[in-house]
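Below is one structure, written out as structure tokens; comments come after it.
The values are calculated or read from the model by the stated rules, or taken from the named source; none is laboratory data. Note that the structure is predicted; figures quoted are calculated from it, not measured. So basically every Cβ, Gly included, is an ideal-geometry build from the backbone, and we count neighbours across all protein chains shown. Please note that ligands, DNA and RNA were not included when accessible areas were found on the heavy atoms of the full protein model with its side chains. Shrake-Rupley method; radii C 1.70, N 1.55, O 1.52, S 1.80 Å.
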Amino acid sequence: MAIRDVRQGKRNEQGIAAAVEILKQSFGERFQTGQAFREQHAHTTTYLPSQLPDGVVFVETSEDVKEVVRTCAAHKVPVIAFGTGSSLEGQVNATHGGISIDFSRMNKVLRLSPEDLDVTVEPGITREELNVHLRDTGLFFPIDPGANASIGGMTATRASGTNAVRYGTMKDNVLALTVVTAEGEEIHVGTRARKSSAGYDLTRLYVGSEGTLGIITSVTLRLQGIPEKIGGGVCAFETIEAACNAVIMTIQMGIPVARIELLDAMQIRACNAYSNLEYPEKPTLFLEFHGTEETVSLQSAQFAEIAAEFGGDEFVWTANAEERAKLWKTRHNAYWAGRALAPSLNGFSTDVCVPISRLAECVAETQADIAAEGLLAPIVGHAGDGNFHVLVMFDDKDPQSVAKVEAFTHRLGERALAMDGTCTGEHGVGQGKLGLMAQESGPALALMQAVKKSLDPGNIFNPGKIWHQED
């Protein structure tokens, strides 16, 4: 990850001017070119510099999306989809200029089938809005990346989060899509059937493509029943290794844990200060179990035995909804708690994912790297699937501080790859991690580029992401 990877691509000034004029005529006040609008649609939740689009279209229907894509394709102008802007690796930057498509007004539930446990939604609806809509059905959508992201954005970045250990990631929960292609036509990929052997799995080709292959206009999702009983708890350990070994044993024993989050001692210290808590400042697991009253109680007792075997403190758990909400609010506030450790510094959040058998080793080596470099960088992870995040504090106005952070994050990515892992478990590549893609993908990167060229020959869909343009 490096600022040098945020490159300015070649702009098609004549084409952009023509497309802007046409879109002004077509969309009126729903097309904005003001500086404030453009800045809002290029902001990144990291220190990567913003690259502004030339205009923003607030679409309301799939017909609007098709019109924008056709106009931009005709004039060879880039198109960047925008959900809520919560992506972390510069995915919404307009590297070559172009038009940002804002989906905030395409936020409807199009169809709900409680008996089939599925729903079709427009891409602009957020995960919280969707779950509010589902509240009276006894169903919920379980993917929780922390931010109140849009479903379209979550699909495009293959999001996951705290519930992934039980419910999977977006790739496991997207059944079908409608997508606008480079020709400006809307296609349907996937079905509502729970399995299919018919042809290529185009649905999963688009899930995680970061807006580089087409523009998603609807998403059909798998839903889950709201559990009869939910229990959550906290357990501290003397070492990261002991905590990770408890996680491995829990998974190997087949205990159906819904969430199992790891916070290192520095992150616990940050959470205590930020949320006025008194957790022991040691590596700690936050857990949640879903099921009936009997199964939740049994699973909690089973984990308590495992924790004791690895020297863990008493596992304190509760089924009280208010107490559980407080527990997970602490976890979801981890980013802001970490930032509060050094309010005068900027913070950069990065992630990697390794096989869970290598998690303790990877975290321990990362902590040693942090100490050797004198960095302030708490760690929090989705321990059940080997994914962890590091929030590195640094002075973004000091070139030496920036260089140190960039070198550290690159080493972190290489460390994960050396352990048969990936440079990103859920943040995506965007611009921030494209420097590691050739190393991770090898010759397969050329195949990805061939797919991109086939589906987007004019390179209008979110160019400059996933790999360097000249690669």
- line: Helix 359-373 sits off the longest principal axis of the Cα atoms of the chain, rounded to the nearest 10 on a 0 to 90 degree scale, by 80
query: Taking one equal scatterer on every alpha-carbon of the stretch 375-471, how large is log10 of I(q)/I(0) by Debye at q = 0.13, 0.18, 0.19 1/Å?
result: -0.57, -0.95, -1.02
query: Length gain on complete extension for the stretch D201 to E63, per 0.36 nm per residue less the alpha carbon to alpha carbon distance?
result: 47.2 nm
- line: Any GluC sites (Glu not before Pro) in the stretch 267-296 that lie in a DSSP loop and have at most 15 other Cβ atoms within 10 Å would be E278
- prompt: Each residue of the stretch 11-26 in order: what ³J(HN,Hα) in whole Hz does its phi give by Karplus 6.51 cos²θ - 1.76 cosθ + 1.60, θ = phi - 60°, with x for Gly and Pro?
  reply: 9, 9, 4, 5, x, 4, 4, 5, 5, 4, 5, 5, 5, 4, 5, 7
message: If N is the number of residues in the stretch 91-210, what value comes out of its Cα radius of gyration divided by 2.2 N^0.38 Å?
response: 1.08
field: For the stretch 33-64 versus the stretch 67-146, the gap between their alpha-carbon centres in whole angstrom
entry: 15
- prompt: Tell me, how many Å apart are the Cα centres for the stretch 221-240 and for the stretch 351-397?
  reply: 22
- prompt: If you place +1 on the Cβ of every Lys and Arg and -1 on the Cβ of every Asp and Glu, how big does the dipole about the Cα centre of the chain come out, in debye to the nearest 20?
  reply: 1040
field: Once the Cα gyration tensor of the stretch 284-330 is diagonalised, semi-axes √(5λ) in Å
entry: 18, 15, 7
task: Give me the percent of DSSP beta bridges within the chain that run antiparallel, rounded to the nearest 5.
output: 85
- line: Long-range amide H partners of N387, meaning residues 5 or more apart or on another chain whose placed amide H is closer than 5 Å, are V354, H382
statement: Residue by residue through the stretch 113-120, the couplings from Karplus 6.51 cos²θ - 1.76 cosθ + 1.60 with θ = phi - 60°, in Hz, x for Gly and Pro, are 10, x, 5, 9, 6, 8, 8, 10
field: Value of [θ]222 nm, deg cm²/dmol, for the chain, DSSP H segments ≥ 4, -39500 (n - 2.57) each, nearest 500
entry: -11000 deg cm²/dmol
statement: Dividing the alpha-carbon radius of gyration of the chain by 2.2 N^0.38 Å, where N counts its residues, gives 0.98
message: Looking at the stretch 282-437, I'd like the Rg to Rh ratio, where Rg is from alpha-carbon atoms and Rh is Kirkwood's inverse mean 1/r.
response: 1.02
query: Roughly what angle does helix 399-418 make with the longest principal axis of the chain, taking Cα atoms, 0 to 90 degrees, to the nearest 10?
result: 70
message: Pairs on different chains or at least eight residues apart, Cα atoms closer than 27 Å: how many lysine pairs in the stretch 344-471 fit?
response: 9
- prompt: What spacing in nm lies between the two simple spin-label points modelled at K24 and A403, each 7 Å away from Cα in the Cβ direction?
  reply: 4.5
statement: If N is the residue count of the stretch 1-112, its Cα Rg over 2.2 N^0.38 Å rounds to 1.06
task: Convert each backbone phi in the stretch 124-139 into a coupling constant with the Karplus relation 6.51 cos²θ - 1.76 cosθ + 1.60 (shift: θ = phi - 60°), then list the ³J(HN,Hα) values in order as whole Hz, x for Gly and Pro.
output: x, 5, 8, 5, 5, 4, 4, 5, 5, 4, 7, 3, 8, 9, x, 10
Helix 293-309 axis, angle to the chain major axis (alpha carbon atoms, nearest 10°): 70
query: For the pair Q449 and E323, how long in nm is the line joining their label points, each one 7 Å along Cα→Cβ?
result: 5.7
field: Of all accessible heavy-atom area on the stretch 20-126, the percent that carbon and sulfur account for (1.4 Å)
entry: 49
